[in-house]
1. Among the residues in the range 31-54, are any farther than 21 Å from Cys151 by Cβ, modelled with pLDDT of 85 or more and either among the hydroxyl-bearing types (Ser, Thr, Tyr) or assigned to a loop (DSSP other than H, G, I, E, B) (or both)?
2. For Glu76, which of the numbered conditions (1) of a type outside the set (S, T, N, Q); (2) over 24 Å from Glu190 (Cβ atoms); (3) modelled with pLDDT of 90 or more fails to hold?
3. Given the condition touching a residue at least 24 places away in the same chain (Cβ under 8 Å), open to solvent by less than 30 Å² (accessible area, probe 1.4 Å) and part of a helix (DSSP H, G or I), answer yes or no: does some residue in the range 130-150 qualify?
4. Tally up the residues in the range 83-99 that are surrounded by 17 or more Cβ atoms within 10 Å (Cβ to Cβ) and not hydrophobic (A, V, I, L, M, F, W, C), please.
5. So Pro64 clears everything in (1) touching a strand residue (DSSP E or B) at 6+ places or on another chain (Cβ under 9 Å); (2) under 24 Å from Leu9 (Cβ atoms); (3) open to solvent by 50 Å² or more (accessible area, probe 1.4 Å) except one condition, right? Which one?
6. Out of Ile26, Ile10, which single residue is touching a strand residue (DSSP E or B) at 6+ places or on another chain (Cβ under 6 Å) and surrounded by 12 or more Cβ atoms within 10 Å (Cβ to Cβ)?
7. Restricting attention to the range 129-174, which residues are in contact with a Phe, Trp or Tyr (Cβ under 8 Å, 6 or more places away or on another chain), closer than 15 Å to Gly107 by Cβ and not aliphatic (A, V, I, L, M)?
8. Applying the selection to the range 158-195, what residues are touching a Gly at 6+ places or on another chain (Cβ under 7 Å) and either open to solvent by less than 70 Å² (accessible area, probe 1.4 Å) or assigned to a strand (DSSP E or B) (or both)?
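The values are calculated or read from the model by the stated rules, or taken from the named source; none is laboratory data. This is a predicted model, so every value here is computed, not measured. Neighbour counts are summed over all protein chains in view; Cβ atoms, including those assigned to glycine, are modelled from backbone coordinates with ideal geometry. Note: areas computed on protein heavy atoms with side chains; ligands, DNA, RNA excluded. Shrake-Rupley method; radii C 1.70, N 1.55, O 1.52, S 1.80 Å.
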Amino acid sequence: ECVLPLQALISLLVLLLKPEGGERCIALMAMLYRFWMRSRRGLVGHWTEEAAGFWDDAVRGSAPLRAALVRAFMDESAQAHGIACASILHDLEKLYDLIDILRLSDGARLLNYPPIALSLGLQCHLGVRLLSAGDCVGRGVLPDTGLLAGCGQAGDFARAALYWVLHEAHLRFPTVSLREYVDDLHQRAEGLQGT
């Protein structure tokens, strides 16, 4: 099992202004961890391609705008052909903050997530967090849940956390299309008008 030195487990959380107003918290993670992850990008990238569910639109070469345009096209096409359809868009607000690390670990292992990358990443996500605002830095906090936006593995960790939920949803509701783009879900059903 790989263990990072204590200094590499400290993340500095900074607030960035959002274009539409408000702030977004981004983690500045230790250079040692970031360098290690960058050098192993292919390993985790291979897992990303293999583990993506058929419902996952956040794959290599995709973009949020493209996913939104495909969804809109499907609705307009159905309407043009006289097919009734309904779409519901869900934004999983604060998704990274709500992910349970223990459940994530179990789900990622079931999906054959690369074990060393998983171990090192989870160590960092459970490491000390320091909130920075202006010239002030708060006291360290040890989390028990939540992912750090700014980590190169955060998107893949979110994918692993949602995989089994979406898999179960497709099994239970096979007539409803459910698509995912990180924390945005698109639920869609269609049928002949008047039925």
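1. yes
2. Every listed condition holds for Glu76 apart from (2).
3. No, because not a single residue in the range 130-150 is touching a residue at least 24 places away in the same chain (Cβ under 8 Å), open to solvent by less than 30 Å² (accessible area, probe 1.4 Å) and part of a helix (DSSP H, G or I).
4. 1
5. (2)
6. On the way: Ile10 fails: touching a strand residue (DSSP E or B) at 6+ places or on another chain (Cβ under 6 Å).
Result: Ile26 is the single residue among Ile26, Ile10 that is touching a strand residue (DSSP E or B) at 6+ places or on another chain (Cβ under 6 Å) and surrounded by 12 or more Cβ atoms within 10 Å (Cβ to Cβ).
7. Scanning the range 129-174 gives a single hit, Asp156.
8. Ala160, Ala161, Tyr163, Leu166, His167, Val182
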